[in-house]
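Engineer: Before I ask anything, here is the structure I am working with.
Please treat every number below as a calculation from the coordinates, not as lab data. This structure is a prediction, so every number in the text was calculated from the model and none was measured. Ideal geometry is used to build each Cβ from the backbone, glycine not excepted, and the neighbour counts take in all protein chains shown.
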Amino acid sequence: MKDENSILYVQTTDDVEKQYSPLILAQTAKMMDIKPIVYYLGTSLKLLRMGEAKKIKLGNFPNLKEMIDKTLDMGIVIYVCEASKQMLGWDKVDLIPGLKIVGAGTLNDLALDAGATMWF
């Protein structure tokens with residue numbers, strides 16, 4: 001069922017300059033009483049491996065791991081695409097704790113149900 005008061009933020013790349021926007025926007029949406037959902041797929045998963053997000057820091061922002069932790073602490077669900085894990089050849093990989101690994105069809109369902117989607 002469509003939730004007009006929700007925004008789906010989809011992260012598709014491991015491009016460092018694009019990592020903060022979906023998390024900042026999701027956190028802001030939550031503070032605005034909008035339901036945010038974050039979904040990682042493709043090469044963006046590379047930055048979700050244990051230890052990788054701590055290496056990313058832009059400007060005056062906290063490092064990417066701290067931003068992800070804050071997003072999760074705010075109760076925002078962060079989904080990770082299982083098919084993307086397979087594409088990267090990862091049978092077993094240690095990802096940041098708290099992420100929810102889901103099938104590719106989940107993205108289709110989330111996009112159909114969200115009031116809006118934004119892609120990064």
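Engineer: What's the number of the condition T117 fails, among (1) more than 15 Å from L41 (Cα to Cα); (2) surrounded by 13 or more Cβ atoms within 10 Å (Cβ to Cβ)?
Structural biologist: It fails just one condition, (1).
Engineer: Then there is this: Any residue in the range 16-35 that's of a type in the set (G, A, S): show its pairings with residues that are buried (at least 17 other Cβ atoms within 10 Å of the Cβ) and in a helix (DSSP H, G or I) at Cβ separation under 8 Å, as long as the two are six or more apart or on different chains.
Structural biologist: Correct list of pairs: A26/T71.
Engineer: So in the range 86-103, with the set limited to residues that are without any contact (Cβ under 8 Å) to a residue 24 or more places away in the chain and among the aliphatic types (A, V, I, L, M), which one is farthest from Y20 (Cα to Cα)?
Structural biologist: Top of the filtered list is V102.
Engineer: For residues that are aliphatic (A, V, I, L, M), surrounded by fewer than 22 Cβ atoms within 10 Å (Cβ to Cβ) and either touching a Gly at 6+ places or on another chain (Cβ under 8 Å) or not in a helix (DSSP H, G or I) (or both), tally how many sit in the range 8-36.
Structural biologist: Total meeting the criteria: 2.
Engineer: Looking at the range 75-120, what strands (runs of 3 or more DSSP E) fall wholly within it and have at least 3 residues that are closer than 19 Å to L25 by Cβ and within 13 Å of the chain's Cα centre (by Cα)? Please lay out each step first, then the result.
Structural biologist: Details: elements: 77-81, 100-102, 114-119.
Fully inside the range 75-120 and qualifying: 77-81, 114-119.
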